[in-house]
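Contents: one structure, followed by commentary.
Quick note: the coordinates plus some simple rules give every number you see, no bench work behind them. Computed from a prediction, not measured in an experiment: that's the story for all the values here. Glycine also receives a Cβ, built like all others from the backbone with ideal geometry; neighbour counts cover every protein chain displayed.
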Amino acid sequence: MKEFTFNEKLKHLFSFPVIVAALGYFVDIYDLLLFGIVRVPSLKDMNLDVDTAGTLILNYQMVGLLLGGILWGVLGDKKGRLSVLFGSILVYSLANIACGFLPQMPFEDKTTVYALLRFIAGIGLAGELGAGITLVSESLPKQLRAIGTSIVAGFGLLGAVVAQLTVELAGDWTIAYFIGGGLGLMLLLLRVSVVESGIYNDIKQNSEIKKGNFFSFFTNWDRFVKYMKCIAIGLPTWFCIGILAMMANQFAPVMGITSITPGKAIMWAYVGISAGDFASGFISHWLHSRKKAILYMMIFTIIGVMLLLFSGKMSENMYYFYCAWLGLGTGYWAMFVTVGSEQFGTNIRSTATTTIPNMVRGLVPVMLIAFDGLKVNSGVIIAAATVGFFAFTLGIYSTVTIEETHNKDLDFNE
């Protein structure tokens with residue numbers, strides 16, 4: 001195996017595909033979480049019901065993410081990784097700019113228009129991470145893949161922090177949408193200089209190789225099990241974000257906290273996730289194992305979840321501290337997406353890498369339904385602990401039993 005000098009490593013890790021994928025994911029996360037941050041002020045501004053309309057619009061965005069994950073994944077394998085990077089960012093950038101013009105739109109039913117725009121944004125947002133990780137995984141030497149994809153996700157996840165700060169500093173939710181859309185359109189100019197993955201180019205013109213077949217994950221038992229395990233590994237990340245951070249206000253009363261801001265809980269969680277994502281690549285590189293890095297980070301997260309739920313009374317700042325802890329532990333997000341990318345052949349790799357994280361996001365409503373159902377009789381602490389138990393059990397089992405992909409050669413087809 002070829003050894004690289006320090007300068008050669010830097011040249012690979014800060015190559016154009018890595019930089020553009022990192023910036024793209026930064027804007028992607030900014031826009032993905034922006035509705036959650038401006039939900040209350042934007043809906044109040046247009047005299048819409050914060051709870052009913054807010055839930056409907058968020059569900060439309062999540063459905064867009066699910067459908068977009070399949071659409072862009074298949075396109076990435078059929079037309080190339082770059083086409084997805086261009087197409088997805090154009091779609092969600094234009095949708096965000098349109099959201100900024102909502103107050104001026106001459107429509108009576110603003111709820112439906114808002115929901116449709118977030119649905120379109122969701123479709124666009126679904127393509128960025130999968131295409132970026134696939135391109136970086138196929139462009140970098142196998143020894144540097146873990147660090148490269150961690151740089152993409154670690155920097156990209158800071159977009160959540162910037163989104164929260166932008167809303168606070170701008171003072172107007174429409175400006176936050178315009179900034180998000182404008183950043184996306186600026187990125188398109190950078191994309192012009194990025195070249196297609198060499199591994200993909202080798203099979204692009206070969207019509208005998210079937211590319212981008214989403215249903216192939218369900219027609220072969222071993223491939224199906226592998227696909228399900230990849231999804232299960234990501235469940236604990238969105239349990240922590242979707243329930244413990246986003247629903248922070250529901251835990252506040254039983255913990256003796258008079259007031260808590262879910263937006264700040266999400267922000268601190270993403271500060272932790274960003275740091276964890278940077279660290280996970282180096283941990284995997286040092287351990288020579290994807291599986292060990294993910295497993296150790298899951299165990300660290302479980303300790304944080306137990307302390308958060310069963311420490312009794314605490315302050316608002318202590319809750320934010322635990323959110324940052326959980327973020328740090330679930331910062332294996334990039335590693336989990338990379339593992340999904342490395343499990344499958346070049347002809348369906350983009351489909352796998354793009355659909356897997358969006359399937360995890362799409363399971364958040366299922367976890368929330370379980371949480372809401374359990375809390376009626378058991379209370380929020382036991383309800384969260386029960387949902388968390390299943391999420392972490394499936395995650396740990398899948399991590400331990402899935403194939404190790406550290407230093408795996410990716411030049412193969414299914």
Reachable lysines from LYS79, Cα under 22 Å, same-chain residues fewer than 8 places away excluded?
LYS204, LYS210, LYS211
Between ARG191 and LYS79, what length comes free when the chain is fully extended (0.36 nm per residue of separation minus the Cα-Cα distance, one decimal in nm)?
38.7 nm
Kirkwood hydrodynamic radius of the stretch 368-414, from inverse mean 1/r over distinct Cα pairs, in Å
13.3 Å
Compute the distance in nm between two label points, each set 7 Å from the Cα along the Cα-to-Cβ direction, one at PHE224 and one at GLU3.
4.7 nm
When only alpha-carbon atoms are used, what values of Rg and Dmax, in angstrom, describe the stretch 51-158?
16.3, 56
Per residue Cα convex hull volume in Å³ - calculated over the stretch 215-337
112 Å³
Please give the FRET efficiency for LYS210 paired with ASP51, using the beta carbon to beta carbon distance and R0 = 41 Å, rounded to the nearest 0.05.
0.35
According to a simple spin-label model (label point 7 Å from Cα along Cα-to-Cβ), what is the distance in nm between SER15 and SER378?
4.8 nm
ASN317 label point, 7 Å along Cα→Cβ, cut-off 17 Å on backbone N: hits in the stretch 266-280?
268-269
At 10 °C and a viscosity of 1.306 mPa s, what translational diffusion coefficient does Stokes-Einstein give for the stretch 258-304, taking Rh as the Kirkwood radius over Cα pairs? Give it in µm²/s as a whole number.
132 µm²/s
Of LYS11/LYS264; LYS9/LYS408; LYS226/LYS292, which ones are farther than 25 Å apart at the Cα?
LYS11/LYS264
Just the Cα atoms of the stretch 269-414: what Rg and Dmax do they give in Å?
16.8, 54
Where only C-alpha atoms are counted, convex hull volume of the stretch 1-194 per residue in Å³:
116 Å³
For ILE70, what charge total do you get from the other residues with a beta carbon under 14 Å from its beta carbon, if Lys and Arg give +1 and Asp and Glu give -1?
+1
Please compute the modelled spin-label separation between PHE178 and LEU90, points set 7 Å along Cα→Cβ, answer in nm with one decimal.
2.4 nm
Based on the Cα atoms of the chain, what semi-axes does the equivalent ellipsoid have, where each is the square root of 5 times one gyration tensor eigenvalue, given in whole Å with the largest first?
32, 26, 20
What's the FRET efficiency of LEU287 with THR393 using the Cβ-Cβ distance as r and R₀ = 25 Å, to the nearest 0.05?
0.65
Please identify, among ASP28, ASP222, ASP172, the residue showing maximal mean-square fluctuation in a Gaussian network model of the chain using a 10 angstrom Cα cutoff.
ASP222
What 222 nm value per residue comes from the helices of the chain, counting each DSSP H run with n ≥ 4 as -39,500 (n - 2.57) and dividing by all residues, nearest 500 deg cm²/dmol?
-25000 deg cm²/dmol
